[in-house]
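Every read-out reported here was derived from the displayed coordinates using simple, explicitly stated rules and does not represent laboratory data. Worth saying up front: this structure is predicted, and the values here are computed from it rather than measured. Heads up, the Cβs are rebuilt from the backbone with ideal geometry, glycines too, and the neighbour counts pull from every protein chain shown.
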Amino acid sequence: MAPVFSKLLSSRLSATVVTGAFLVHMLKNRQAKAQIRRVGSVADLPAHIDDQPLIQRSKNDKAAVDLVFFKRLGRVLKVLVPGWFSAETGYLALVALALMARTYCDVWMIQNGTAIESSIIGRDVNLFKTYLFNFIYAMPAISLVNNILKYGLNELKLRFRTRLTTHLYEQYLKGFTYYKMSNLDNRIANADQLLTQDVERFCNSVAELYSNLSKPILDILIYVRELAATIGPQGPTYMIGYLVLSGLILTRLRRPVGRMTVDEQRYEGEFRYVNSRLITNSEEVAFYQGNKRERRNIYHAFNKLVNHLRSFIFFRFSMGFVDNIIAKYIATVVGYLVVSRPFLNLNNSAFIGKKHSFLMETYYKAGYMMVRMSQAVGRVVLAGRELTRLAGFTQRVTELMTVLNDLNSGRYERTMVRESKADSDSEEDREPLVPGSGKLIHQDHIIEFKQVPLVTPNGDVLVREMTFTVKSGVNVLICGPNGCGKSSLFRILGELWPLFGGTLIKPEARKLFYVPQRPYMTLGTLRDQIIYPDCKEDMLRKGISDKDLETLVAQVQLSNILDREGGWDSVQDWMDVLSGGEKQRVAMARLFYHKPQFAILDECTSAVSVDVEGFIYAHAREVGITLFTVSHRKSLWKHHEYYLMFDGRGAYEYKKIDLETVQFGS
């Protein structure tokens with residue numbers, strides 16, 4: 001009676017603990033939601049998991065172990081394992097052989113260990129020494145098998161990550177895809193996390209799942225054969241039946257894990273995003289003294305992550321409770337029932353008249369194998385949990401692959417905004433604008449717009465149609481109020497934005513050069529800053545030497561930088577080391593190094609003196625670089641032949657600059 005009462009008390013206590021934990025969890029969620037409604041200070045902002053995330057959820061945002069998951073996984077596996085004769089296939093085979101050897105080592109150790117225990121009980125010194133020395137001799141081989149398995153798994157993870165990372169970056173850095181993902185398409189946010197953290201976790205999960213499924217399945221097959229020879233085929237059959245039943249139950253219960261994994265990675269990405277924004281814009285935030293607001297934003301993102309992780313922890317606690325009962329303890333009970341059945345059957349002829357030592361050795365051997373088999377059954381069942389988690393990572397990775405393929409094919413998805421109200425009166429009479437419907441023709445020494453609309457990726461129409469021609473040698477000054485379309489024009493010229501109609505004739509993108517107000521300084525040497533995006537080998541291949549670079553920096557009055565920084569091979573954090581004016585002059589030297597047909601100068605001489613600026617424009621004309629300039633300096637009008645002026649209301653004016661215009665500008 002006491003054992004029954006103890007079990008009953010234990011089960012009621014477990015139920016009470018689970019119920020109490022669930023009530024505490026629900027109470028915390030209600031408190032968190034109420035706290036959000038009455039936000040008082042920054043610390044009182046724990047955003048709950050139902051808040052609208054920074055990254056919009058997809059309509060088909062589903063991660064579960066189903067047919068869709070296996071299709072997604074198959075798509076990624078084609079990248080991870082490109083062929084039968086690849087190195088990855090070899091390591092998969094190595095891991096499989098190591099797993100098989102490991103299982104046979106386990107079987108041998110059970111048999112040898114049982115023999116050692118039998119010799120001890122039988123007080124047979126010679127047999128004890130024999131089996132003990134067998135174990136000592138086998139230790140190096142067993143250790144080698146274990147470490148070959150670890151080596152194979154680690155190498156497999158690394159090779160999977162290398163394959164997938166290389167494949168994704170080939171797509172991500174193809175053309176302007178990296179730009180389009182951030183500016184033209186809003187399906188993926190925080191691509192950096194997907195390309196780094198999520199890829200690593202996915203590859204690790206695939207390799208671990210391969211091992212965690214292969215080893216138990218192999219164990220089950222081998223132990224079934226051994227047990228069938230020892231206690232008959234019925235015992236292993238019952239265990240396999242239990243595997244199927246428990247697997248179906250637990251797989252159904254674990255379905256939310258995939259979705260929760262996707263949400264976890266999304267909230268991690270949001271938290272990382274708000275931190276990176278603060279780092280990128282720290283100066284502006286400091287000027288505005290916006291630390292309290294930024295702290296509010298960071299706490300908001302962090303608390304959404306924390307609340308989700310807390311929910312996930314509770315779900316794993318609940319599932320762990322069920323997993324342990326079904327996959328471990330009940331499996332062990334079934335194992336005991338199965339292994340005891342032939343021994344407790346008094347009519348079993350196989351054990352009638354056998355010695356006690358034989359029965360003991362057979363029982364221990366069968367018992368150990370059944371325990372190992374029940375453990376293997378439990379690992380197969382629990383592997384479903386990892387499979388569900390893998391479904392979440394697979395959904396994230398395949399979504400990234402889909403978006404990259406779409407962008408490289410010229411397709412993007414973004415919430416389109418109707419054009420401004422000023423144009424709404426005649427909107428019904430005009431055909432809708434379709435991204436990519438324009439025609440692009442590459443031709444040297446000319447830029448010509450033929451009825452090209454100036455439209456943002458959101459669909460905001462800045463100018464309905466633009467028609468003008470610029471030939472080499474004709475500099476153009478771009479002017480107009482903020483938001484009128486100057487930057488949009490350059491992005492269309494640089495082929496960053498799609499054409500919404502008309503025909504654009506221009507040189508290839510590499511024959512146009514863009515010089516912004518805040519030039520980009522790359523990682524590397526001082527030489528790399530001048531020749532970017534070329535490397536030293538590209539420079540030498542073009543027949544340009546360091547002496548030629550010295551002439552370029554002298555032309556922009558930057559010769560002193562060589563002595564100050566220690567020569568061309570000096571490596572510094574150039575964004576911080578160089579002043580604003582020095583960075584602008586480096587950018588101009590970079591322009592003269594590449595000598596494009598056309599250059600876009602976007603307020604790029606605002607931190608340079610007027611005399612240096614005049615020399616730069618004169619030298620650009622000498623070397624045959626035609627300039628599009630955005631600047632508010634009146635002194636620059638004399639260096640241009642035409643001006644393109646936007647009025648900010650959808651109209652523009654393209655006219656020749658005459659003497660009167662120059663005098664007005666100066």
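Between ARG564 and SER609, take the C-beta separation as r, use R0 = 22 Å, and let me know the FRET efficiency to the nearest 0.05.
With R0 = 22 Å, the Cβ-Cβ based efficiency is 0.70.
Would you list ILE616, ILE561, ILE313 from fewest to most Cβ contacts within 10 Å?
ILE313, ILE561, ILE616
Would you mind pulling out the separation of the Cα centroids of segment 140-173 and segment 219-259, in Å?
29 Å
First measure r as the distance between the Cβ atoms of VAL333 and TRP84, then evaluate 1/(1 + (r/R0)^6) with R0 = 45 Å and state the FRET efficiency to the nearest 0.05.
Values: r = 44 Å, r/R0 = 0.97.
The formula returns an efficiency of 0.55 here.
Using the 10 angstrom Cβ neighbour count as an exposure proxy, how do TRP84, TRP108 rank, fewest first?
Arranged by neighbour count, lowest to highest, TRP84, TRP108 become TRP84, TRP108.
Can you give me the distance in nm between label points at GLU117 and THR237, each placed 7 Å from the Cα along the Cα-to-Cβ direction?
In this crude label model, GLU117 to THR237 measures out at 2.8 nm.
Rounded, prolate or oblate: which one fits segment 63-408, using the alpha carbon gyration tensor with axes a ≥ b ≥ c (rounded when a/c is under 1.5, else prolate when a/b beats b/c, else oblate)?
Because a/c hits 1.5 or more and a/b exceeds b/c, segment 63-408 counts as prolate.
Which length gain, in nm to one decimal place, applies between ASP66 and GLN197 when the Cα-Cα distance is subtracted from 0.36 nm times their residue separation?
On the way: separation 131, 0.36 × 131 = 47.16 nm, distance 2.44 nm.
Contour length minus Cα-Cα distance gives 44.7 nm.
Which trypsin sites (Lys or Arg not before Pro) in segment 533-580 pass both tests, a DSSP loop state and at most 16 other beta-carbon atoms within 10 Å?
LYS542
Just want to confirm a number: the relative contact order over segment 63-408, from Cα pairs under 8 angstrom separated by 6+ residues, in percent. Don't jump to the answer; show the numbers that get you there.
Details: 310 pairs, mean separation 116.7, N = 346.
34 percent.
Taking 8 Å as the Cα distance limit and 6 or more residues as the minimum spacing, I'd like the relative contact order of segment 437-665 as a percentage.
With pairs under 8 Å counted, the relative contact order is 28 percent.
What spacing in nm lies between the two simple spin-label points modelled at THR469 and SER635, each 7 Å away from Cα in the Cβ direction?
In this crude label model, THR469 to SER635 measures out at 3.5 nm.
Kindly write out, for segment 206-215 in residue order, the coupling ³J(HN,Hα) from the Karplus curve 6.51 cos²θ - 1.76 cosθ + 1.60 (θ = phi - 60°), rounded to whole Hz, with x marking Gly and Pro.
5, 5, 5, 5, 4, 6, 5, 9, 5, 4
What is the distance in Å between the Cα centres of segment 465-518 and segment 572-607?
19 Å
In nanometres, what is the gap between the two model label sites at ASN405 and ARG621, each 7 Å from Cα along Cα-to-Cβ?
For the pair ASN405/ARG621, the computed spacing is 5.4 nm.
May I ask you to compute the full-extension gain from GLU537 to GLU448, defined as 0.36 nm times their residue separation minus their alpha-carbon distance, rounded to one decimal in nm?
Working it through step by step, the gained length comes to 28.5 nm.
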